[in-house]
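Student: Starting off with a structure, shown below.
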Amino acid sequence: MELRDIEIFLVLAQELHFGRTAERLRITPSRVSHVIKKTERRVGAPLFARTSRTVRLTPLGERLRDDLLPAHRQIQQAVDRAVAEARGITGTLRVGYSTPWCADLLLKAARTFRDRYADCTVQIQEIQLSDPHGSLRRGDLDLQLSELPVAEPGITVGPTILSEQRALLVPADHPLARRENMSMEDLVDVPLMTPGGSFPDYMAAVHLPTHTPSGRAIRRGPVFTYWAEVLSLVAAGLGAFPVSARGARYFGWPGIAFVPFRDAPPIEYGLLWPTSGHTPRAMAFADLLGDLTDTAASDE
């Protein structure tokens, strides 16, 4: 069997779907079918039991999959190490994140990246909203996954990786907390907290508006530096803060509630890197992160 035929067989053995296998390998379903039929002719027996609705491995197909997987991984790792050495994908890659859901995605990518490029380590660290781009400017990070928009000299904005429904973090005893959702006009009912430090005005205009769509003024609440302060201040009833609705699954803080917006644009998170300091390892990680995001989206 040729290496490409082995790869097609193993992907189909995982996906058990000709269309998804073709999409994942960027080939046509007919190509997948042709390779499987050719392999079955060579083996002399069916490897898959196929109906109009299902695809499953035969016992012989399961044994072949189990025998081929270790060897295929070893070959792939050897090729990846050679590619990494040739492209300079070695050393330490430093990646920043602004939210736990960004961290989850980066950690997943880092595990795959380390398997693929054994001579490259990945360090993941949190950044603060009070200084959202300072680490990139200082050269402390090679990549960053954080909120958009970004328009900073010397920083390149890459692809959008996540798009999350916007919600408002409010005190649990606030009237808004009893609603299933809310409008941007409801922001007049609670003061918005703001990050201190060097949070850009253009980001504040998007995430922390001073007026509702109809023009009514939105009050300002306390200024904070660290995320833990936001949770404490909101729980104390001193203000509110716009966040991803996904945050409800991450922050079980007493005294807070997440109320989704029904008319606000999503919060988008994109990759950033220093314009003059992008490296082969950073670009390889960015490509991998994009592939993981595309795969996750296609599975939903």
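Student: Filter the stretch 114-143 for residues that are of a type in the set (Gly, Ala, Ser) and part of a loop (DSSP other than H, G, I, E, B); which is surrounded by the most Cβ atoms within 10 Å (Cβ to Cβ)?
Tutor: To start, the set of residues in the stretch 114-143 that are of a type in the set (Gly, Ala, Ser) comprises 118, 130, 134-135, 139.
Remaining after also requiring part of a loop (DSSP other than H, G, I, E, B): 118, 130, 139.
Values: Ala118: 12, Ser130: 18, Gly139: 11.
Looking at the filtered set, the residue picked out is Ser130.
Student: Something else about it: Take the residues in the stretch 260-285 that are small (Gly, Ala, Ser) and surrounded by fewer than 16 Cβ atoms within 10 Å (Cβ to Cβ), then tell me which one is nearest to the chain's Cα centre (by Cα).
Tutor: Among those residues, the one meeting the criterion is Gly277.
Student: Kindly provide the set of residues from the stretch 1-33 that are loosely packed, with under 14 Cβ neighbours inside 10 Å and either farther than 21 Å from Ala71 by Cα or of a type in the set (Gly, Ala, Ser) (or both), ordered by number.
Tutor: Answer for the stretch 1-33, where residues must be loosely packed, with under 14 Cβ neighbours inside 10 Å and either farther than 21 Å from Ala71 by Cα or of a type in the set (Gly, Ala, Ser) (or both): Gly19, Arg26, Thr28, Ser30.
Student: Enumerate the pairs (first residue in the stretch 247-264 and under 15 Å from Ala236 (Cα atoms) and hydroxyl-bearing (Ser, Thr, Tyr); second residue anywhere and part of a loop (DSSP other than H, G, I, E, B) and at pLDDT 95 or above) with beta-carbon separation below 8 Å, excluding pairs fewer than 6 apart on the same chain, so at least 6 apart or on different chains.
Tutor: Pairs that qualify, where the first residue is under 15 Å from Ala236 (Cα atoms) and hydroxyl-bearing (Ser, Thr, Tyr) and the partner is part of a loop (DSSP other than H, G, I, E, B) and at pLDDT 95 or above: there are none.
Student: Related question: With buried (at least 18 other Cβ atoms within 10 Å of the Cβ) and either of a type in the set (Ser, Thr, Tyr) or free of Cβ contacts under 8 Å to residues at least 24 places away in the same chain (or both) as the only criterion, which of Ser214, Ser146, Ser183 stands out? First the steps, then the outcome.
Tutor: Details: Ser214 fails: buried (at least 18 other Cβ atoms within 10 Å of the Cβ); Ser183 fails: buried (at least 18 other Cβ atoms within 10 Å of the Cβ).
Of Ser214, Ser146, Ser183, the one residue that is buried (at least 18 other Cβ atoms within 10 Å of the Cβ) and either of a type in the set (Ser, Thr, Tyr) or free of Cβ contacts under 8 Å to residues at least 24 places away in the same chain (or both) is Ser146.
Student: Turning to a different aspect of this structure: Please verify whether Ala257 is surrounded by fewer than 15 Cβ atoms within 10 Å (Cβ to Cβ), among the aliphatic types (A, V, I, L, M) and farther than 24 Å from Leu105 by Cα, treating the condition exactly as stated.
Tutor: no
Student: Conditions first: (1) under 23 Å from the mean Cα position of the chain (by Cα); (2) in the same structural domain as Ala13 (by TED's automatic domain parsing). Ile75 passes all but one, so which condition is the exception?
Tutor: With (1) under 23 Å from the mean Cα position of the chain (by Cα); (2) in the same structural domain as Ala13 (by TED's automatic domain parsing) applied to Ile75, the lone miss is (1).
Student: I would also like to ask the following. Across the stretch 18-46, what is the total count of residues that are closer than 23 Å to Gln76 by Cα and either in a loop (DSSP other than H, G, I, E, B) or of a type in the set (Gly, Ala, Ser) (or both)?
Tutor: Looking only at that region, the number is 4.
Student: Also, I was wondering about something else. Count, please, the residues in the stretch 47-61 that happen to be within 35 Å of the chain's Cα centre (by Cα) and either assigned to a strand (DSSP E or B) or at positive phi (or both).
Tutor: Residues meeting the conditions: 5.
Student: While we're on this one: Which residues, taken from the stretch 161-180, are in contact with a helix residue (DSSP H, G or I) (Cβ under 9 Å, 6 or more places away or on another chain) and either without any contact (Cβ under 8 Å) to a residue 12 or more places away in the chain or not in a loop (DSSP other than H, G, I, E, B) (or both)?
Tutor: The answer is Ile161, Leu162, Glu164, Arg166, Ala167, Leu168, Leu169, Val170, Pro171, Pro175, Leu176.
The values are calculated or read from the model by the stated rules, or taken from the named source; none is laboratory data. Every value quoted in this text rests on a predicted model; they were computed, and no experiment measured them. Glycine gets a Cβ as well: all are built from the backbone with ideal geometry, and neighbour counts include every protein chain shown.
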